[in-house]
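One structure below.
The values are calculated or read from the model by the stated rules, or taken from the named source; none is laboratory data. Note that the structure is a prediction, hence the values are computed from the model and not measured. No Cβ is skipped: glycine too gets one built from the backbone with ideal geometry, and neighbour counts run over all protein chains shown.
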Amino acid sequence: MQQRQSSLRKWLICWLYAAAFAHFIIGLLLPWISATGLVEVYHQLIESHFWPQAAPDAARNMQVWWMSLFGATVQTVGLWMGALIYLGNQHRSRIAWLWLMIGILVWAPQDMLISMQANMLINVWIDVVAVLSMIPPLFILWKMDALNTEHTEGSA
């Protein structure tokens with residue numbers, strides 16, 4: 001049982017590190033790709049919700065600027081996630097898992113609401129995937145560390 005729990009813990013930690021790394025890499029790339037054809041369809045989706053015809057050049061330029069700026073934020077979030085995952089793993093800190101869950105659960109509903117108001121369903125689906133891929137592992141780790149804390153306190 002202990003071996004299975006240890007293997008699950010390692011897998012969950014790797015999964016969360018991969019999510020943090022993905023945030024970091026996506027954030028690093030956004031400023032570089034926001035003005036390229038790689039995200040043209042995304043730009044067009046956004047523009048179609050605000051302009052019935054082609055968006056003005058100034059609007060596209062502003063959108064590219066915001067996307068680039070958002071990249072720095074996503075990159076930093078990836079670093080913070082990585083730090084909290086490291087602390088949670090090394091110290092079996094329930095508070096690290098809790099803060100990561102709180103951060104996601106504060107961010108996601110707001111992001112989804114704003115996206116729904118602009119009829120940007122692709123953003124809502126991205127948020128749903130993020131929540132469903134991160135909250136369960138964080139909750140499991142939070143529970144595991146509660147059990148480990150109880151066993152440690154009970155044997156002292």
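Annotations for the structure displayed:
- When region 1-36 is limited to residues that are closer than 18 Å to residue 69 by Cα and not aliphatic (A, V, I, L, M), the one that is surrounded by the fewest Cβ atoms within 10 Å (Cβ to Cβ) turns out to be 36.
- Given (1) in contact (Cβ under 8 Å) with a residue 60 or more places away in the chain; (2) surrounded by 17 or more Cβ atoms within 10 Å (Cβ to Cβ), number of the condition residue 63 does not satisfy: (1)
- Breaking point among (1) under 25 Å from residue 7 (Cβ atoms); (2) free of Cβ contacts under 8 Å to residues at least 60 places away in the same chain, for residue 111: (1)
- Residue 52 meets each of the listed conditions (1) at pLDDT below 95; (2) under 23 Å from residue 142 (Cα atoms) apart from (2).
- For region 52-156, the helices (runs of 4 or more DSSP H) that sit wholly inside it and include 1 or more residues that are touching a Leu at 6+ places or on another chain (Cβ under 9 Å) and basic (Lys, Arg) are 94-117.
- Any hit, region 82-92, residues being out of contact with any Lys or Arg (no Cβ under 8 Å at 6 or more places or on another chain), of a type in the set (Val, Ile, Thr) and either surrounded by fewer than 12 Cβ atoms within 10 Å (Cβ to Cβ) or modelled with pLDDT of 95 or more (or both): yes
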